[in-house]
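The values are calculated or read from the model by the stated rules, or taken from the named source; none is laboratory data. The shown structure was predicted, so the numbers you read here are calculated from the model rather than taken from an experiment. Reconstructed Cβ throughout: ideal geometry from the backbone, glycine too, with neighbour counts over all protein chains shown.
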């Protein structure tokens, strides 16, 4: 045996206090809301988090059959824990999700270090790494579902549908994440075995690593979207800058023209000023505009289509108005009211995340977004942003 089981188990259990200490310190440094939250509820948080971490440690050493049963139990325990936590911390949804995410990462970093130190053989280390990540995610997804389901019972019918969708997010994310994780695990094991062969084929290993990196990027994108939906986006106010919207539109125009493969779709840009300034993130706004325009392109069927982008300034409200209009197939009124709901989509292969994130990014910049549509006539998306007037062009980025 390349490791002593009792020593490893004991070391992992002893690390729980260190994990919680680092976790709390990380949360305290983020903002005053977390500092107050931890101070007020530390005793209950200690009990809740310690229990979850102890279950995870025990699961690392179970037989395959026992381990599978443990995953089921952990998801159920997580669900019950999430439901119970919602009763107490129901008004702190963002805080609890952020704390759960930080706890998972902190636990993995600390326990990975212990496993690397006490387990000699790489195959056994990989075995423990995989179990640790799977247990962490199973517990978290159960917790998120339980938390969300409890919230559904506390709110009125106006918000119930939206929270129910968020409650399905964990299950949907779990399904989407398992596939890339399986690929990463498989290719990591394959690389491990290839390195022991008499002749190491570097081209083959490089191809395996390229696929692994691609899968990691996929996971990162999923997690980024998940966090974007669960946060309020207030960080943008602290990291934005003044920039020229017209320059962003030019970049978007060039990209979209590459996406239009036929001459049946025409993109027209209409503006009267070469410089219209706003404050925020130019790259994030570019992604918002691209998402809107891709939706317009998808709305065209067999007919010839036209997309018009009109940019004007509203002096009375000190705003910039951008209107993206198309003459596509339009959106039915019963679906129009739900287009900003997370995971709601009218596309056969759509995820329903894009417009939800667009809305959050626009609102985080101090703007507004609205959609009007008529079936068989087309759709118009209006975006209002703060107008920064009287600023020197030298301040633009």
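Among what's in segment 21-31 and is in contact with a helix residue (DSSP H, G or I) (Cβ under 7 Å, 6 or more places away or on another chain) and touching a residue at least 40 places away in the same chain (Cβ under 8 Å), pick the residue that is surrounded by the fewest Cβ atoms within 10 Å (Cβ to Cβ). Walk me through how you get there before you give the answer.
Initially, segment 21-31 is screened for residues in contact with a helix residue (DSSP H, G or I) (Cβ under 7 Å, 6 or more places away or on another chain), giving 22-24, 26-28.
Now narrow it down to the ones that are touching a residue at least 40 places away in the same chain (Cβ under 8 Å): 22-23, 26-27.
On the way: 22: 17, 23: 21, 26: 15, 27: 21.
Filtering segment 21-31 for residues that are in contact with a helix residue (DSSP H, G or I) (Cβ under 7 Å, 6 or more places away or on another chain) and touching a residue at least 40 places away in the same chain (Cβ under 8 Å), the one surrounded by the fewest Cβ atoms within 10 Å (Cβ to Cβ) comes out as 26.
If you check residue 143 against the conditions, is it part of a helix (DSSP H, G or I) and in contact (Cβ under 8 Å) with a residue 12 or more places away in the chain?
Details: part of a helix (DSSP H, G or I): yes; in contact (Cβ under 8 Å) with a residue 12 or more places away in the chain: yes.
In short, yes.
Within the group 206, 231, 251, which residue is loosely packed, with under 12 Cβ neighbours inside 10 Å and either touching a helix residue (DSSP H, G or I) at 6+ places or on another chain (Cβ under 7 Å) or at pLDDT 75 or above (or both)? Give the steps one after another, and end with the answer.
On the way: 231 fails: loosely packed, with under 12 Cβ neighbours inside 10 Å; 251 fails: loosely packed, with under 12 Cβ neighbours inside 10 Å.
Answer to the selection: 206.
Looking at 61, 34 in this structure, which one is surrounded by 14 or more Cβ atoms within 10 Å (Cβ to Cβ), touching a residue at least 40 places away in the same chain (Cβ under 8 Å) and either under 16 Å from residue 96 (Cβ atoms) or not assigned by TED's automatic domain parsing to the domain that holds residue 128 (or both)? Working first, answer last.
Numbers: 61 fails: either under 16 Å from residue 96 (Cβ atoms) or not assigned by TED's automatic domain parsing to the domain that holds residue 128 (or both).
None of the others qualify; the one that does is 34.
Within segment 80-92, identify whether any single residue is closer than 21 Å to residue 146 by Cα and modelled with pLDDT of 80 or more, and answer yes or no.
Step one: list which residues in segment 80-92 are closer than 21 Å to residue 146 by Cα, which gives 80-92.
Those left that are additionally modelled with pLDDT of 80 or more: 80.
Yes, segment 80-92 contains at least one residue that is closer than 21 Å to residue 146 by Cα and modelled with pLDDT of 80 or more.
Which ranges mark the strands (runs of 3 or more DSSP E) fully within segment 269-334 that have 2 or more residues being without any contact (Cβ under 8 Å) to a residue 60 or more places away in the chain and touching a helix residue (DSSP H, G or I) at 6+ places or on another chain (Cβ under 6 Å)? If you could, list the steps in order and put the result at the bottom.
Numbers: elements: 277-280, 305-314, 319-326.
By residue number, 319-326.
Would you call residue 4 buried (at least 18 other Cβ atoms within 10 Å of the Cβ), more than 15 Å from residue 135 (Cβ to Cβ) and modelled with pLDDT of 85 or more?
Values: buried (at least 18 other Cβ atoms within 10 Å of the Cβ): no; more than 15 Å from residue 135 (Cβ to Cβ): yes; modelled with pLDDT of 85 or more: yes.
So residue 4 fails the test.
If you take the residues of segment 264-290 that are in contact with a strand residue (DSSP E or B) (Cβ under 6 Å, 6 or more places away or on another chain) and within 10 Å of residue 245 (Cα to Cα), which of them is modelled with the lowest pLDDT? Working first, answer last.
Here is the first cut: in segment 264-290, the residues in contact with a strand residue (DSSP E or B) (Cβ under 6 Å, 6 or more places away or on another chain) are 265-271, 275-279, 282.
If we keep only those that are within 10 Å of residue 245 (Cα to Cα) as well, we get 275-279, 282.
Values: 275: 92, 276: 93, 277: 94, 278: 92, 279: 89, 282: 86.
So, considering only residues that are in contact with a strand residue (DSSP E or B) (Cβ under 6 Å, 6 or more places away or on another chain) and within 10 Å of residue 245 (Cα to Cα), the one modelled with the lowest pLDDT is 282.
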